[in-house]
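Have a look at the structure below, then the notes.
The values are calculated or read from the model by the stated rules, or taken from the named source; none is laboratory data. Given the structure is predicted, the values throughout are model-derived calculations rather than measurements. Here Cβ is always computed from backbone atoms with ideal geometry, including for glycine, and neighbour counts include all displayed protein chains.
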Amino acid sequence: MSAVNDTKLKSVIFLLTGLPSHGATHLWISVPICFMYGISIVGNAVILFIVKTNPSLHEPMYIFLSMLAITDLCISISTVPTILGIYLFNSREISLDDCLAQLFFIHLLQCIESCLLLLMAFDRFIAIHNALRYASILTLPRIAKMGLVALLRAMVIILPLPFLLKRFQYCRANVLSHSYCLYREVMNMACSDITVNIVYGVFTKFLTMGLDLLLIFLSYVMILKTLLSIASYKECLRALNTCVSHLCALLFFYIPDISLTVIHSFGKDSYPLLQILLGYISLLLPPLMNPIVYSVKSKHLRVKIIRVFIK
């Protein structure tokens, strides 16, 4: 009986879903997606190269930005095989093991990115609240320890997810709503009691993105409190201007993810097209826009990039 169950488990195949299209339309849809992936990879790689090769950019803000760029690169790499596989090769099938590996890396990287956005909010608070001691508080060893804590926290919280799904038998129509695997969707395909998985899934969401978002909100409350005590209107605007890039990164990351979570929780099988679009936006938009926004808003970084391309 055990051998039969193992055979069923290993033969599980999930079908990924793309945008509704037929024949040649698939190729046309793949063009903007390939373009977005290309811009994301090149943009984040340029950020990493510029920060690494310019000692003047070895500051806390740009080091955190480099960590964010690495995370965005990894997110793009973890999702591009299945998304482009659908539109270029009409390959919709994915095995259980491949699906579990993909969802592990997607959720792990999203958890790391959420923590990095929290650390960047803390960076902005220190830069505004205690500018004179900014460099002495956020030293390179401390930043490295913060990055390590973000990685370890994500590993500890996300690592149980694939193991919780691996123990199930899947006997339903295994058609997923997205072009990649997510924990909640694979969990709903199981024909077993998933109560423990639901509780742990909610727990991980609140412990990671929920807690991070709350702490980010408190950081900006403290930033605003500090700015209100500044007498000069120009100084206040100048300080707020340094937070614009980070606020944009927060919007790009949290709004699509929260919207998708709400639809999965309350919309169930309604609005399938909206689910697919939000899924693409939540994974493609942050890696695409973060390097663009930071390059445009940071004059120091922008000048370095222009000089490289002029040479």
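Only a single criterion out of (1) within 26 Å of Met155 (Cα to Cα); (2) touching a Lys or Arg at 6+ places or on another chain (Cβ under 9 Å) is not satisfied by Cys248, namely (1). In summary, helices (runs of 4 or more DSSP H) completely within the stretch 202-292 and bearing 1 or more residues that are of a type in the set (Val, Ile, Thr) occur at 211-228, 244-262. In the set (1) under 20 Å from Thr79 (Cα atoms); (2) at pLDDT 90 or above; (3) not basic (Lys, Arg), His264 fails one condition alone, (2).
Candidates Leu251, Leu278, Leu260: the one that is within 14 Å of the chain's Cα centre (by Cα) and more than 24 Å from Leu215 (Cβ to Cβ) is Leu278.
Is there a residue in the stretch 70-83 that is hydrophobic (A, V, I, L, M, F, W, C), in contact (Cβ under 8 Å) with a residue 40 or more places away in the chain, touching a Lys or Arg at 6+ places or on another chain (Cβ under 8 Å) and in a helix (DSSP H, G or I)? No, that holds for no residue. How many residues are basic (Lys, Arg), under 21 Å from the mean Cα position of the chain (by Cα) and either assigned to a loop (DSSP other than H, G, I, E, B) or surrounded by fewer than 17 Cβ atoms within 10 Å (Cβ to Cβ) (or both) if we restrict to the stretch 122-152? Looking only at that region, the number is 1.
Inspect all residues belonging to the stretch 289-306 and state whether any of them is surrounded by 15 or more Cβ atoms within 10 Å (Cβ to Cβ), farther than 25 Å from Thr71 by Cβ, among the β-branched types (Val, Ile, Thr) and modelled with pLDDT of 85 or more. So far as the stretch 289-306 goes, no, none of its residues is surrounded by 15 or more Cβ atoms within 10 Å (Cβ to Cβ), farther than 25 Å from Thr71 by Cβ, among the β-branched types (Val, Ile, Thr) and modelled with pLDDT of 85 or more.
The condition of being farther than 29 Å from Leu100 by Cβ, at pLDDT 85 or above and over 26 Å from the mean Cα position of the chain (by Cα) holds for only one of Leu228, Leu224, that being Leu224.
One residue stands out among those in the stretch 77-135 that are under 30 Å from Asn241 (Cα atoms) and among the basic types (Lys, Arg): the one that is modelled with the highest pLDDT, which is Arg124.
Entry remark, the stretch 151-203: residues being more than 21 Å from Ser11 (Cα to Cα) and either in contact (Cβ under 8 Å) with a residue 12 or more places away in the chain or of a type in the set (A, V, I, L, M) (or both) number 17 in total.
Out of curiosity, is Phe163 under 15 Å from Thr71 (Cα atoms) and either crowded, with 21+ Cβ neighbours inside 10 Å or hydrophobic (A, V, I, L, M, F, W, C) (or both)? Taking the combined requirement at face value, the residue does not satisfy it.
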